[in-house]
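Participant: Following this message is one structure expressed as structure tokens.
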Amino acid sequence: MFDRGKFSTGKISLMILFGGLVVFTVVMTTVVQLAAGYRAEQKLLYDTTLELNQSTAYKTAAMMDSLLRSMRATLRYGANEVAHHWGSDAEIQDRLDLLHNGGGGMFNSILVANEHNVVRGIAPISVGIGGKYLYSATLDNVQRLRKPYFSEPYMSATGRLIVMMSEPIFGANGEYLGVFVGTVYLHEANVFSEMFGKELLYESGTYTYIVDRNGKLVFHPAATRLGDDVSANPVVRDLMEGRHGRLRAVNTLGVEFLAGYAHAGENGWGVVTQTPLESVERELRGHTWNRLAYILPACILLLVLAIYLARRIAAPFVYLSDIAGRLSRGERVSESMLIGRWYREADALSESLRLAIRSMQQHNDQLTSEAMTDPLTALPNRRAMNVVLDRKLESGEPFALMVMDIDRFKSINDTYGHAVGDDVLRFLAKVAQTTLRPADSCFRYGGEEFVLLLDSVDAKAALLAAERLLRTLERTDGPVGQPITVSIGVAVYPAAGTTADALFEAADEAMYRAKQEGRNRTALAKRRG
């Protein structure tokens, strides 16, 4: 007979079990929600801050490029004007005064020196070196180059940290006369501080600074830091190595920042916009406390209600019902979620559901594998290709899509029969797989058409890969006793398209162009626009 005492000894009462389980569930759910919300919002804030900072850096770099082009145009105009009046120091000085006063404050000073470094004129005249020989290694270098020049920051003869731009001066017959020089005093009010100083410091602690090609500060909200070498900063190192983008990094003062950075193409300087990580975390903590204050009353009310309901509801059966519901919606459920119960009915039900889940998921895995694989070539099929292609498009990384079609495949089927045609398809699949890199993928798209996806390649590399496949097929006898040829259309993301449909259309068009041009060749899809 059934002995109730045997199964009840040492067991927790169902009422206590229900209440304790509900309390634990509500508390843990609240904690998990807060933790998950914190992590999700943290990632969102980090990503948003990095994106905004990168956008600001790009815009600032574009502004700087425009400014530098204007400064260069001013110098070029001044050099031409001075060349026409080279015989008169007074005329030269008049032109300098006019350009300095009407040049929009682009340069703190401008001067003209002959080929022997003797100053013919300078504005403002208060600088006081007119008519003097100006010794400067930088100026010597400019005289020697005899072409437009943009210097790195250096200490001038007047004891100022400056940046110098220059234009050579040539006479009417092309003879070299001297140099027209514009200088920017970095430690004084200048065109950079005027343009950027009021715009690049924000309440959030975000600020922008500018470095030269050697990693020295050219503009910074803290003027005392101008001229500092910050090349140890990983962001600045990226700029010095020609890269741009966004990065979480620690600066030379040991402060962690979220930085976006870009190049000014006119002179190779780098622009960095960064936000202290602590300010982002402070904002995040404020949001979390606000969220907690908002949900805490609801959690307390829910807890009281749940404890009341727990007296009347068997929590394990609710849990198992939830698992069954998830299964009915097609969600994947792990067997480990079905833990053993310490009373017989719930434990027996859990075990039955566990066996059912195991059988169902094994069957689903088999069906999924079959649905994603081409039975003839054993290659991933079109459905699998769509999954991989969507993932690549979401990542935004460059890749190439190649559409490959067997030349005169109908003739092969008509001449040798469909069995040999199938052998040709399997042969081509094998050759393509052995020719591609391990990271690349080959798919059976349908009929005699295959699709290849190549990771991290540009147009040149993609065409080389396609040509390598063509040459391999040319050197290999196929199932019909002679080489099989194909035509390949190559489309590179994002140049040829930014959606799956656009890339396929571009690659298809290129493949048909390859066939029209004689088959057994590759063709590159045209760039958009």
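Participant: For Phe180, list long-range residues whose amide hydrogen, built 1.01 Å from N in the peptide plane, is under 5 Å from its own amide hydrogen.
Facilitator: When sequence neighbours closer than 5 places are left aside, the close amide H contacts are Glu167, Ile169.
Participant: Still on this model: Is the shape of segment 436-529 rounded, prolate or oblate, going by the alpha carbon gyration tensor and its root eigenvalues a ≥ b ≥ c, with a/c under 1.5 for rounded and a/b larger than b/c for prolate?
Facilitator: Since a/c reaches 1.5 and a/b is larger than b/c, the shape of segment 436-529 is classed as prolate.
Participant: Tell me, what ³J(HN,Hα) does each residue in segment 170-175 have, in order and in whole Hz, if you take phi through Karplus 6.51 cos²θ - 1.76 cosθ + 1.60 with θ = phi - 60° and put x for Gly and Pro?
Facilitator: 10, x, 4, 9, x, 6
Participant: While we're looking at this one, here's another question. Please say if segment 473-523 is rounded, prolate or oblate, where rounded means a/c under 1.5 for a ≥ b ≥ c the square roots of the C-alpha gyration tensor eigenvalues, and otherwise the choice is prolate for a/b larger than b/c and oblate otherwise?
Facilitator: prolate
Participant: Could you sort Thr485, Thr60 by accessible area so the largest value comes first, with the probe set to 1.4 Å?
Facilitator: From most accessible down to least: Thr485, Thr60.
Participant: Rounded, prolate or oblate for segment 88-178? Axes are the square roots of the Cα gyration tensor eigenvalues, ordered a ≥ b ≥ c, and the cut-off for rounded is a/c under 1.5.
Facilitator: Here segment 88-178 falls in the rounded category.
Participant: Would you mind calculating the gained length between Arg76 and Thr288 on full extension (0.36 nm times residue separation, minus the Cα-Cα distance), in nm to one decimal?
Facilitator: 70.6 nm
Participant: Then there's this: Which residues' amide hydrogens lie under 5 Å from the amide hydrogen of Gly121, considering only partners 5 or more residues apart or on another chain, with H built in the peptide plane?
Facilitator: For Gly121, the qualifying residues are Val112, Gly131.
Participant: Same structure again: Of the accessible area of segment 411-521, with the probe set at 1.4 angstrom, what percent is carbon plus sulfur?
Facilitator: Answer for segment 411-521: carbon and sulfur cover 49 percent of the accessible area.
Participant: Quick check: pseudo-label points 7 Å beyond the Cα along Cα→Cβ at Val420 and Ala172, how many nm apart are they?
Facilitator: In this crude label model, Val420 to Ala172 measures out at 8.5 nm.
Participant: Just by accessible area at a 1.4 angstrom probe, what is the order of Ile125, Ile295, Ile488 from largest to smallest?
Facilitator: Ile125, Ile295, Ile488
Participant: Grab the Cα-Cα distance for Lys43 and Ala502, subtract it from 0.36 nm times how many residues apart they are, and report the gain in nm with one decimal.
Facilitator: Separation in residues times 0.36 nm, less the Cα-Cα distance, equals 162.1 nm.
Participant: Something else about it: Looking at this model, which pairs from Lys43/Lys216; Lys392/Lys430; Lys392/Lys460; Lys392/Lys526; Lys59/Lys460 are more than 28 angstrom apart at the alpha-carbon?
Facilitator: Those over the limit are Lys43/Lys216; Lys59/Lys460.
Participant: Ordered by packing density, taken as the mean number of other Cβ atoms within 10 Å over each peptide's residues, highest first, how do 30-37, 445-452 rank?
Facilitator: 445-452, 30-37
Participant: Could you give the nm distance between label points at Arg383 and Ala461, where each point is 7 Å from its Cα heading toward the beta carbon?
Facilitator: It works out to 3.2 nm between the two label points.
Participant: Order 498-506, 472-480 from most to least packed using the mean count of other Cβ atoms within 10 Å.
Facilitator: For the peptides 498-506, 472-480, the packing ranking is 498-506, 472-480.
Participant: How many angstrom separate the Cα center of segment 60-91 from the Cα center of segment 386-430?
Facilitator: Using only Cα atoms to place each centre, the spacing works out to 60 Å.
Participant: Now, a different point. How big is the Kirkwood radius of segment 214-292, worked out from every pair of different alpha carbons and given in Å to one decimal?
Facilitator: The answer is 13.7 Å.
Participant: Right, something else. Report the label-to-label distance for Ala232 and Arg69 in nanometres (one decimal), using points 7 Å from each Cα along the Cα→Cβ vector.
Facilitator: So the label points at Ala232 and Arg69 sit 3.8 nm apart.
Participant: Per the 1.4 Å probe, what fraction of the accessible area of segment 145-259, in percent, lies on carbon and sulfur atoms?
Facilitator: Result for segment 145-259: 51 percent of the exposed heavy-atom area is carbon or sulfur.
Participant: I'd like the FRET efficiency for Tyr133 and Glu91, computed as 1/(1 + (r/R0)^6) with the beta carbon distance as r and R0 of 22 Å, rounded to 0.05.
Facilitator: 0.55
Participant: If we restrict to alpha carbons, what Rg and Dmax does segment 141-272 come to, in Å?
Facilitator: 16.9, 58
The values are calculated or read from the model by the stated rules, or taken from the named source; none is laboratory data. This is a predicted model, so every value here is computed, not measured. Virtual Cβ from ideal backbone geometry, glycine too; neighbours counted across all protein chains shown. Quick note on the areas: whole protein, heavy atoms, side chains included, nothing else; ligands and nucleic acids left out. Shrake-Rupley method; radii C 1.70, N 1.55, O 1.52, S 1.80 Å.
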